[in-house]
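Accompanying notes for the structure given below.
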Amino acid sequence: VQLQAFGGGLVQAGGFLRLSCAASGRTFSTYTVGWFRQAPGKDREFVATIRYNGHTAYADSLQGRFTISRDNAKVTVYLQMNNLKAEDTAVYYCAAGARLISSTLRRQTAYDYWGQGTTLTVSS
């Protein structure tokens with residue numbers, strides 16, 4: 001599976017943006033796909049994930065502002081981000097894994113494939 005994240009850019013605080021993660025591979029629909037982010041000077045952290053059956057999980061601090069969804073026909077996972085804040089500034093990565101279970105959805109090490117990242121900058 002190869003992943004390509006895109007859609008980042010410069011947004012004003014309070015604005016919105018949608019990131020996309022395009023994948024290759026016929027078995028994409030069976031994979032769990034997650035979004036992670038790394039802010040300047042900080043460790044990479046979990047943002048959201050969506051399983052093959054549509055079940056979603058979010059970082060507690062982001063639920064309500066971010067929404068993850070997938071379109072298996074388009075082999076793409078989306079991250080809709082609303083009411084953006086300066087602290088959302090980061091490089092956003094998508095990742096995919098085939099063997100995740102509920103207890104591992106937020107673990108970076110559980111994901112086998114990673115995209116190259118797309119940068120979001122939120123100006124205050």
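The values are calculated or read from the model by the stated rules, or taken from the named source; none is laboratory data. No experiment lies behind these values; they were computed from the predicted model shown. Cβ: placed from backbone, ideal geometry, glycine included. Neighbour counts: every protein chain shown. The area values use the complete protein model at the heavy-atom level, side chains included, leaving out ligands, DNA and RNA. Shrake-Rupley method; radii C 1.70, N 1.55, O 1.52, S 1.80 Å.
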Just to verify a result, which residue in region 94-122, among those that are open to solvent by 40 Å² or more (accessible area, probe 1.4 Å) and touching a Gly at 6+ places or on another chain (Cβ under 9 Å), is nearest to F16 (Cα to Cα)? T121
Could you tell me which residue of region 7-29 is surrounded by the most Cβ atoms within 10 Å (Cβ to Cβ), considering only residues that are farther than 19 Å from A48 by Cβ and of a type in the set (A, V, I, L, M, F, W, C)? A13
Kindly indicate whether any position in region 92-105 is within 24 Å of A13 (Cα to Cα) and among the charged types (D, E, K, R). no
Which ranges mark the strands (runs of 3 or more DSSP E) fully within region 1-48 that have 1 or more residues being in contact (Cβ under 8 Å) with a residue 40 or more places away in the chain and in contact with a Lys or Arg (Cβ under 7 Å, 6 or more places away or on another chain)? 32-38
Residue among R18, R44 that is within 19 Å of G117 (Cβ to Cβ), in contact with a helix residue (DSSP H, G or I) (Cβ under 8 Å, 6 or more places away or on another chain) and of a type in the set (D, E, K, R): R44
Check region 55-74 and report whether any residue there is of a type in the set (A, V, I, L, M, F, W, C), closer than 23 Å to L10 by Cα, part of a loop (DSSP other than H, G, I, E, B) and under 13 Å from the mean Cα position of the chain (by Cα). yes
